[in-house]
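S.K.: This structure is in structure tokens; I'll ask about it shortly.
The values are calculated or read from the model by the stated rules, or taken from the named source; none is laboratory data. Note that the structure is a prediction, hence the values are computed from the model and not measured. Cβ placement follows ideal geometry from the backbone for every residue including glycine, while neighbour counts extend to all protein chains displayed. The area values use the complete protein model at the heavy-atom level, side chains included, leaving out ligands, DNA and RNA. Shrake-Rupley method; radii C 1.70, N 1.55, O 1.52, S 1.80 Å.
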Amino acid sequence: MEVFLIRLLQFILAISLLVLLHEGGHFFFSKLFGVRVDKFYIFFDVGVGKWDGSLFKFKPKNSDTQYGAGWLPLGGYCKIAGMIDESFDTEQMKQPAQPWEFRTKPAWQRLLIMIGGVLVNFLLALFIYSMVMFSWGDSYFTTQDMTMGFKFNEDAKALGFQDHDILVGYDGKTFERYDVDVYRHIADAKTVQVKRNGKNLTIRMPEDMSLLNMLKAEPAFCRPFIPAELDTVMPDSPAAKAGMLKGDKIVSINGKPVDSWNEFTYQVGILSDMLANAKTAKDSLKIRTATVVTNRDTVNLVLTEDLKLGVGQTSIATYYKPKEVKYGFFESFPAGIKFGLNVLRGYVSDLKYVASADGAKSLGGFGAIGSLFPPVWDWHQFWMMTAFLSIILAFMNILPIPALDGGHVLFLLYEIITGRKPSEKFLIRAEYVGFGLLILLMVVANLNDILRWLGYM
């Protein structure tokens with residue numbers, strides 16, 4: 001429960017900040033061009049009965065704007081006078097146009113008002129990344145430094161990879177750091193360069209590689225080779241009761257050879273599938289009873305009900321030192337901008353998988369987003385995640401979908417190019433269609449969260 005609350009608090013704090021500044025971007029350009037803003041709300045104030053849905057609201061003296069917060073944390077809005085938006089206030093549009101309204105302003109001013117939120121979110125992400133670089137620096141592992149190489153699954157081996165191959169580069173370029181970009185580059189590459197037994201080799205890649213398939217495969221396409229060495233042994237755990245000690249290396253489980261934590265996790269996954277089909281408590285106990293061979297002993301033990309051994313695993317940091325890079329204040333900006341643009345490129349590249357059936361299943365809602373935050377409060381991870389969400393919010397909002405900022409931008413560009421403004425009737429209908437699509441997407445994403453939680457996905 002504590003972990004859930006910590007993640008929930010981080011999620012709400014990050015979303016509140018991003019929504020506030022996004023709507024602030026629209027607000028800034030509206031005020032700059034003399035457009036009246038009727039309401040500025042964080043979260044939606046959906047009315048319930050006689051209650052208008054506001055948690056709090058206030059209107060400063062001599063101001064046209066009512067500020068407040070709604071109860072539904074699905075975003076926020078800046079209600080701009082004379083504009084067709086998600087409020088669907090068609091009554092205002094029936095009145096004679098006023099000089100302080102959005103619809104009476106030149107198209108270029110309306111365009112800047114509409115991209116204001118996206119612009120703020122994008123610049124905010126780059127600023128946060130820059131300040132993270134300044135405050136904490138950058139820390140990462142490189143694939144070339146991983147002298148034990150990688151552990152590959154059968155699909156990878158069929159392409160020519162072998163366990164302990166060290167990933168060097170792709171299409172003549174070098175892998176800069178070990179992160180998800182390594183898998184993106186492999187999926188898109190024509191050739192991948194590896195070092196095997198001290199020699200550089202080139203492996204030709206097929207054209208139908210899929211990043212989604214690579215990451216969801218069990219075992220994964222490739223992972224750093226990490227020996228199945230015990231880092232810690234929990235008190236009163238199955239491993240402790242069997243006499244296992246820190247530093248022991250697991251050689252096999254139930255007669256199946258184990259050379260790494262990757263392989264151990266795979267073998268436990270097989271037991272998990274068997275456990276799901278167990279009919280009786282006796283069947284369950286039989287599946288959980290395991291024979292584990294280490295470099296020091298052979299032990300028989302009973303795994304926990306969730307198939308845990310009760311040990312801490314060694315990790316990349318156990319065997320390799322990360323590269324540490326520190327930045328001065330002015331140096332942090334180009335580093336942060338470069339990092340942010342790379343994150344954006346990766347996110348845009350991954351969107352091509354959303355149209356597939358597996359891609360649709362991978363969509364996540366509020367639960368999936370919240371789970372990305374660390375289980376303990378960590379300011380470094382919080383700001384990295386907030387910057388990432390800011391980039392997502394900026395990109396998703398600029399998509400040319402009615403009801404999103406990008407939909408309004410599309411119609412404004414049409415007006416600027418052709419000199420003809422779309423009719424208000426058309427814009428209202430487009431807003432309804434776009435809003436319906438967004439609700440459908442939100443339902444699918446959050447339904448996926450529920451199905452994953454229930455174990456159906």
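S.K.: Would you pick out the residues in the stretch 373-416 that are surrounded by fewer than 14 Cβ atoms within 10 Å (Cβ to Cβ), out of contact with any helix residue (DSSP H, G or I) (no Cβ under 7 Å at 6 or more places or on another chain) and over 27 Å from Q109 (Cβ atoms)?
M.R.: W379
S.K.: Sticking with this structure for a sec: Residues being open to solvent by 100 Å² or more (accessible area, probe 1.4 Å) and under 12 Å from F40 (Cα atoms): count how many of those fall in the stretch 58-72.
M.R.: Count: 2.
S.K.: If we only count strands (runs of 3 or more DSSP E) wholly inside the stretch 74-178, which ones have 2 or more residues that are open to solvent by 30 Å² or more (accessible area, probe 1.4 Å)? Don't jump to the end; show me each part of the working.
M.R.: Numbers: elements: 138-140, 150-152, 166-170.
In the stretch 74-178, the matching strands (runs of 3 or more DSSP E) lie at 138-140, 166-170.
S.K.: In this structure, is D283 of a type in the set (D, E, K, R) and open to solvent by 80 Å² or more (accessible area, probe 1.4 Å)? Step through it out loud before you land on a result.
M.R.: On the way: of a type in the set (D, E, K, R): yes; open to solvent by 80 Å² or more (accessible area, probe 1.4 Å): no.
Criteria not met by D283.
S.K.: Would you please name the residue that is most open to solvent (accessible area, probe 1.4 Å), looking only at residues in the stretch 205-247 that are among the acidic types (D, E) and under 16 Å from K308 (Cβ atoms)? Show your work before the answer.
M.R.: Quick first cut of the stretch 205-247, residues among the acidic types (D, E) only: 207-208, 218, 229, 231, 236.
Now drop any that are not under 16 Å from K308 (Cβ atoms), which leaves 231, 236.
On the way: D231: 56, D236: 128 Å².
Once the filter is applied, the top-ranked residue is D236.
S.K.: Evaluate the following for W51: is it more than 21 Å from I439 (Cβ to Cβ) and not small (G, A, S)? First the steps, then the outcome.
M.R.: Numbers: more than 21 Å from I439 (Cβ to Cβ): yes; not small (G, A, S): yes.
Yes: the conditions hold for W51.
S.K.: Does the stretch 182-204 hold any residues that are farther than 27 Å from K352 by Cα and either touching a His at 6+ places or on another chain (Cβ under 7 Å) or open to solvent by less than 40 Å² (accessible area, probe 1.4 Å) (or both), and which are they?
M.R.: Selection gives V194 alone.
Yes/no per residue for (1) free of Cβ contacts under 8 Å to residues at least 60 places away in the same chain; (2) under 16 Å from R103 (Cβ atoms); (3) surrounded by 12 or more Cβ atoms within 10 Å (Cβ to Cβ):
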residue: T418; (1), (2), (3): yes, no, no
residue: L427; (1), (2), (3): no, yes, yes
residue: A430; (1), (2), (3): yes, yes, yes
residue: G434; (1), (2), (3): yes, no, yes
residue: V444; (1), (2), (3): no, no, yes
residue: D449; (1), (2), (3): no, no, yes
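S.K.: Within the stretch 324-338, count every residue that is in a helix (DSSP H, G or I) and aliphatic (A, V, I, L, M). Before the answer, list the steps.
M.R.: From the stretch 324-338, those in a helix (DSSP H, G or I) are 329-338; that's our starting set.
Of the ones still in play, those that are also aliphatic (A, V, I, L, M) are 335, 337.
Adding up the residues that qualify gives 2.
S.K.: Out of L8, L55, which single residue is among the hydrophobic types (A, V, I, L, M, F, W, C), surrounded by fewer than 17 Cβ atoms within 10 Å (Cβ to Cβ) and assigned to a helix (DSSP H, G or I)? Step through it out loud before you land on a result.
M.R.: Numbers: L55 fails: assigned to a helix (DSSP H, G or I).
Of L8, L55, the one residue that is among the hydrophobic types (A, V, I, L, M, F, W, C), surrounded by fewer than 17 Cβ atoms within 10 Å (Cβ to Cβ) and assigned to a helix (DSSP H, G or I) is L8.
S.K.: Another one. Restricting attention to the stretch 26-52, report how many residues are in a loop (DSSP other than H, G, I, E, B) and open to solvent by 20 Å² or more (accessible area, probe 1.4 Å).
M.R.: Kept after step one, since they are in a loop (DSSP other than H, G, I, E, B), are these residues of the stretch 26-52: 33-36, 45-47, 49-50, 52.
Still in the list and also open to solvent by 20 Å² or more (accessible area, probe 1.4 Å): 33-34, 36, 45-47, 49-50, 52.
Number satisfying all stated conditions: 9.
S.K.: If you don't mind, there's one more thing I want to ask. Of all residues in the stretch 418-452, which are more than 14 Å from D85 (Cα to Cα) and of a type in the set (A, V, I, L, M, F, W, C)?
M.R.: L437, I439, L440, L441, M442, V443, V444, A445, L447, I450, L451, listed by residue number.
S.K.: May I pose another question? Just checking, does the stretch 254-268 include any residue being open to solvent by less than 30 Å² (accessible area, probe 1.4 Å) and assigned to a loop (DSSP other than H, G, I, E, B)?
M.R.: First pass over the stretch 254-268, keeping only residues open to solvent by less than 30 Å² (accessible area, probe 1.4 Å): 258, 260-261, 264, 267-268.
Adding the requirement that they be assigned to a loop (DSSP other than H, G, I, E, B) leaves 258, 260.
Within the stretch 254-268, one or more residues are open to solvent by less than 30 Å² (accessible area, probe 1.4 Å) and assigned to a loop (DSSP other than H, G, I, E, B).
S.K.: What residue, of L285, L307, L245, L301, is without any contact (Cβ under 8 Å) to a residue 60 or more places away in the chain and in contact with a helix residue (DSSP H, G or I) (Cβ under 6 Å, 6 or more places away or on another chain)? Write out each step before concluding.
M.R.: On the way: L285 fails: in contact with a helix residue (DSSP H, G or I) (Cβ under 6 Å, 6 or more places away or on another chain); L245 fails: in contact with a helix residue (DSSP H, G or I) (Cβ under 6 Å, 6 or more places away or on another chain); L301 fails: without any contact (Cβ under 8 Å) to a residue 60 or more places away in the chain.
The conditions single out L307.
S.K.: Kindly check whether there is at least one residue in the stretch 312-322 that is loosely packed, with under 14 Cβ neighbours inside 10 Å, in contact (Cβ under 8 Å) with a residue 40 or more places away in the chain and within 22 Å of R184 (Cα to Cα).
M.R.: no
S.K.: Same structure again: Looking only at the stretch 286-311, which residues are small (G, A, S) and either exposed (fewer than 13 other Cβ atoms within 10 Å of the Cβ) or touching a Lys or Arg at 6+ places or on another chain (Cβ under 7 Å) (or both)? Talk me through it step by step, then tell me what you get.
M.R.: The initial filter retains those residues of the stretch 286-311 that are small (G, A, S), namely 290, 310.
Within the stretch 286-311, no residue meets the criteria.
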